[in-house]
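Have a look at the structure below before the remarks.
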Amino acid sequence: MKFKLRIWRQPNTLIKGRFEEYEVDDVGPDESFLEMLDMLNEQLIANGGEPVAFDHDCREGICGMCGIMINGVAHGPKAATTACQLHMRHFKDGDVIVVEPWRAKAFPVIKDLVVERAALDRIIQAGGYISASTGSAPDANSIPVPKPVADTAMDAAACIGCGACVAACPNSSAMLFTAAKVGHLNVLPQGQAERFDRAVLMVDEMEAEGFGGCTNIGECAAVCPKEIGLDFIAMLNREYLRGKLKGAGSRNA
Amino acid sequence: MADTADTQTSKAPEPAKTILDAKTPDGPIAEKWDKARFDMKLMSPANRRKFRIIVVGSGLAGGSAAATLGELGYNVDCFAYQDSPRRAHSVSAQGGINAAKNYRNDGDSIFRLFYDTVKGGDYRSREANVYRLAQVSNNIIDQCVAQGVPFAREYGGLLDNRSFGGAQVSRTFYARGQTGQQLLLGAYQALARQIHAGRVRMHTRTEMLDLVVVNGVARGIVTRDLRNGKIERWLGDAVVLATGGYSNAFYLSTNAKGCNVTAVWRAHRRGAYFANPCYTQIHPTCIPQSGEHQSKLTLMSESLRNDGRIWAPRQPGDTRAPGDIPEKERWYYLEERYPSFGNLVPRDIASRAAKSVVDAGHGVGPRRNGVYLDFADAIERLGVNVIRDRYGNLFDMYENITGENPYEVPMRIYPALHYTMGGLWVDYNLMSTIPGMFAIGEANFSDHGANRLGASALMQGLADGYFVLPYTLSNYLAQAKLEPLTTDHEAFRAVEEEVNGRVERLLKANGERSVDSYHRELGQILWEYCGMERSEEGLKKALELIPTLREEYWQNVRVPGESEELNQSLEKAGRVADFMELAELMCIDALQRKESCGAHFRSEYQTADGEARRDDENYAYVAAWEYAGDGRAPILNKEPLTFEYVALSQRSYK
Ligand SMILES: Cc1cc2nc3c(=O)[nH]c(=O)nc-3n(C[C@H](O)[C@H](O)[C@H](O)COP(=O)(O)OP(=O)(O)OC[C@H]3O[C@@H](n4cnc5c(N)ncnc54)[C@H](O)[C@@H]3O)c2cc1C
Ligand code: SF4
Ligand code: FES
């Protein structure tokens, strides 16, 4: 297969970027999108050019490190799939493919397709945990968790922190990401003590980081590789409102 | 050369240079850890604030250690090369984590977990360490549940368990097919809490490029900020390496692309002994390579072997579609050879069998490089819904990658490099041969002997990080006489200069070939000669090929770009340079070990029916290699292994 690529090139955060055009040939249908980019990079290196920088690590759809806009869609055309798990058989021979970084105020471009997502970590740091220091835990089976509750927690906990939801959102909101963590911890019995503080602290941090607000557009869930549902956002809104009414949101580290 | 590259068939190996002392406490095995803890010097909370600890790595081992040390009140600097600690390679573990809870009442116990792990490791691990691992395994599950790790539950709300990797008890805890991710998020959240509290400073996208040793004691590291290339010095009162394994020396492996040996290898060159580098594990159920540009191999969880049947066409070169091959022309080679364990034989046996079948021309798929893992019988017996319930996400993943539907056609699988049992030598306290430098998780060699059992790496990483290192490190700091230093010290300056020199040399080579092309070539050499089956002849060949390749690499590699920017070619170039050195040590170690044990299979040392033949009389030791300078043969040091609680026996899975 042969493709024409229009790829965003940007040397660093300060210098403005632009699109460059490339061609890759001899791509196998079983190759992944990132392997196709590897091929392009080998070609660029051989011709004395500079390879395209892109983030990736596990290449199994679980680490959340890869993240690019492919033809305007976060992680590309296949639903519930990260860019690293997207295979070229989903494209047509001769396709023109546009590749861009995540674009959001809270995600500055470091180089080419690589962005800084530390803001997501800071949302977790604000309260996305259960305060249980090592050694203080009771026997694991002393806290029964009904299976449906455990399953809901796991559905939310599947979030890989890739930031596609932010990139897809016209407001660059990180509500789906934040809701996934709050959803995971707030449904569990272990998470009750800090429940309302958690919701308030994380949402406040999200706003402070420059992510936009949620206006229920739903683009986030449409691109989420782990299919985190919008119902978690509804849940977060409830938790946040109740927390605010209770005056929750004090630091408890 | 010392007693290393000697290849004569003398019976007893030459005496080792040093006999290493593991500092294992005295007393009955069940009491050793309690005794060790009681004998430790305690440190008051006020004093802990005066110490700064460097933790390199934020996976299960590093993340849990950094968080726990922060909770105790130490100042911690934690480093990772990814953009977030939550992305460490531990995140990809699928299957589960073992613990001796015996919640199933099926006869499990701490002693049984200990016994299984020593036996599974083919009697090449240290009994006292393994026993401690089994002891703290239960605390890990408690801790993770308290953090909110959403383990699978039964309808009554209690924890579910499954049997894994052929274990005869159900002791594996799991969270769907994402156990590693969920355990890592637990550790990451604990870490996030400490970062927020100001106890841990997290340095992401920062790669350790060297260790700083001052007057024989580890006191810091030198790093490169991957965003802008800035080289920096970090001072600490102790250094903990939790940087994972080195499977990526083989280029194609199930590890994440960035996994590397650099931190460990640099520490080795500064005096830390490297133990058992030839113990590398190959996982039998991975998706076979599909093309030349393949960048990694994907693991299909071992649990699939519980219901899938492995077969290949009896007739070599049979190219018919699997459905067209009648039952009597199908060769269920594992079931035939191992009637009692069948498809559930340990990883090393299943892997070697697949290789020999493919090598003999029975391979399937477009590249004839796999065997079938067939669920047709299981679907008929249990119904498609049960199979979907059990393995749905794995089947989807397989279909996504290969474009084939495993509900309808059998999966194709082949072994791939997966895990490395070898690593930095550490004593009972997890301290390396450099005082003040500790190694935890997959980066050390400590608990799995010559072969790791399924679901026990996650257990070891968290045991080290949550429950062992925080004690032993405190004990070290309570007694260490550390000289006051700053990063202006001559030793820091010298190391930084060396680091800069290497970066510059790589950029200046400006040759003809990309880093990846060299990495692939190195991987092929290792896979061919130091992979599933090794021989004296092959290893000697590899020992000629590797130094030549390495030399060419430094002359002819092309690393585009500058050092003062994000430069992924440069990152890879440094890692591959270190893999090239490690690869040689792996082969030297494999050559030296004239026996077959666990994952290390030497073709010369097998039983009449092709099984691994150990030589306990001569090789029941840990081979701990000492770096002796460039161009000089490494020196072999030995830690003799004694087995007081688990009687040495030949594994049999017939
Ligand atoms: C596909 C797969 C499935 C697996 N499934 C299971 C399973 O079901 N059960 C089980 O028990 N085990 C499993 N394992 C094994 C297990 O996941 C690993 O052995 C374990 O997670 C390693 O943890 P770690 O903390 O030692 O290292 P890692 O998780 O690899 O972490 C290494 C850390 O070090 C950092 N690092 C590395 N080098 C540097 C450097 N030079 N400078 C700075 N930072 C650096 C990285 O950023 C990372 O944070 C699996 C492994 C694979 C590959
Ligand atoms: S919610 Fe989905 S899209 Fe957003 S970070 Fe998590 S996995 Fe990625
Ligand atoms: S590289 Fe890990 S999710 Fe894509």
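By the count of neighbouring beta-carbon atoms within 10 Å, fewest first, A:Lys226, A:Lys92, A:Lys244 end up ordered A:Lys92, A:Lys244, A:Lys226. Ordered by the number of other Cβ atoms lying within 10 Å of each residue's own Cβ, fewest first, B:Met202, B:Met43 fall into the sequence B:Met43, B:Met202. Between helix B:515-529 and chain B there is an angle of about 60 degrees, using the helix long axis and the longest principal axis of the Cα atoms. Given Cβ point charges of +1 (Lys, Arg) and -1 (Asp, Glu) and nothing else, what value in debye, to the nearest 20, does the dipole of the protein assembly as shown about its Cα centre take? Its charge dipole is roughly 1900 debye. The distance from the alpha carbon centre of region B:346-425 to that of region A:176-253 is 40 Å, rounded to a whole number.
Between the residues B:Ser125, A:Ala83, B:Leu473, the greatest Cα displacement towards the positive end of the dipole of the protein assembly as shown, with unit charges on the Cβ of Lys, Arg, Asp and Glu, is found for B:Leu473.
Between the listed residues A:Thr215, A:Ala193, B:Gly291, the Cα displaced farthest toward the positive end of the dipole of the protein assembly as shown, a dipole computed from Cβ unit charges relative to the Cα centre, is found at A:Ala193. With a cut-off of 15 Å on the backbone N, the residues of region B:241-281 near the modelled label site 7 Å out from B:Glu498 along Cα-Cβ are B:262-273.
Taking packing as the residue-averaged number of other Cβ atoms within 10 angstrom, the listed peptides B:306-313, A:141-148, B:123-130 run from highest to lowest as B:123-130, B:306-313, A:141-148. Neighbouring Cβ atoms from other chains, within 10 Å of the Cβ of residues in A:41-47, number 4 on average.
Label point of B:Ser649 set 7 angstrom out along Cα-Cβ; within region B:585-612, amide nitrogens under 19 Å from it belong to B:597-598, B:607, B:611-612. Positive end of the dipole of chain B (Cβ unit charges, origin at the Cα centre): among B:Leu543, B:Phe38, B:Asn637, the Cα lying farthest that way belongs to B:Phe38.
Relative contact order for chain B: what percent, with Cα pairs under 8 Å and sequence separation of 6 or more?
Values: 1400 pairs, mean separation 140.0, N = 654.
Relative contact order, chain B: 21 percent.
Magnitude of the charge dipole for region B:496-617, about its Cα centre and with charges confined to Cβ atoms of Lys, Arg (+1) and Asp, Glu (-1), is about 300 debye. Ranked by how many other Cβ atoms sit within 10 Å of their own Cβ, fewest first, the residues B:Met397, A:Met206 fall in the order B:Met397, A:Met206. Report the residues of region B:463-480 in range of a label on B:Lys50: point 7 Å along Cα→C-beta, backbone N strictly under 20 Å from it. The answer is B:471-480.
Extending 7 Å from Cα along the Cβ direction at B:Lys328 and again at A:Arg242 yields two label points whose distance is 6.8 nm. The mean count of C-beta atoms from other chains within 10 Å of the C-beta of residues in B:284-297, rounded to a whole number, is 4. The HN-Hα couplings worked out from phi for region B:291-306 by the Karplus form 6.51 cos²θ - 1.76 cosθ + 1.60 (θ = phi - 60°) are x, 5, 8, 4, 9, 7, 10, 10, 7, 10, 3, 4, 4, 4, 5, 5 Hz, whole numbers, x standing for Gly and Pro. Take A:172-179, B:59-66 and order them by the average number of nearby Cβ atoms within 10 Å per residue, most first; the result is B:59-66, A:172-179.
Averaged over the residues of peptide B:168-176, the number of Cβ atoms from other protein chains lying within 10 Å of each residue's Cβ is 1. Averaged over residues, the count of other Cβ atoms within 10 Å places the peptides B:338-349, B:407-418 in the sequence B:407-418, B:338-349, highest first.
Close amide H partners of B:Arg412, meaning residues 5 or more places away or on another chain with modelled amide H under 5 Å apart, are B:Leu373. Charged side chains reduced to their Cβ positions (Lys and Arg at +1, Asp and Glu at -1) give region A:118-252 a dipole of some 300 debye around its Cα centre.
Amide H contacts under 5 Å for B:Phe438: B:Val239, B:Val240, B:Leu241, B:Ser432, restricted to partners 5 or more places along the chain or on a different chain, H placed in the peptide plane at 1.01 Å from N.
The relative contact order of region A:3-111 comes to 34 percent, based on Cα pairs under 8 Å that sit 6 or more residues apart. As I understand it, the value is the acute angle between the Cα axis of helix A:147-157 and the longest principal axis of the Cα atoms of chain A; what does it come to in degrees, rounded to 10? Helix A:147-157 sits roughly 40 degrees off the main axis of chain A. Between B:Glu31 and A:Glu227, the modelled labels are 5.6 nm apart [label points 7 Å from Cα along Cα→Cβ].
Helix-only arithmetic for chain B: the sum of -39500 (n - 2.57) across DSSP H runs with n ≥ 4, divided by the residue total, places the mean residue ellipticity at 222 nm at -11000 deg cm²/dmol. Converting phi to 3J(HN,Hα) with the Karplus coefficients 6.51, -1.76 and 1.60 and the offset θ = phi - 60°, region B:559-567 yields 10, x, x, 10, 8, 8, 7, 5, 9 Hz in sequence order, with x at every glycine or proline. Note on A:Gln192 and B:Ile19: the model spin-label points, each 7 Å out from Cα along the C-beta direction, lie 5.9 nm apart.
Angle of helix A:231-246 to the longest C-alpha principal axis of chain A, folded into 0 to 90 degrees and rounded to 10: 40°.
No lab work stands behind these numbers, since they all come straight from the coordinates. Keep in mind it's a predicted model, so treat the numbers as computed, not measured. In this analysis, Cβ positions are derived from the backbone assuming ideal geometry, glycine residues included, and neighbour counts consider all displayed protein chains.
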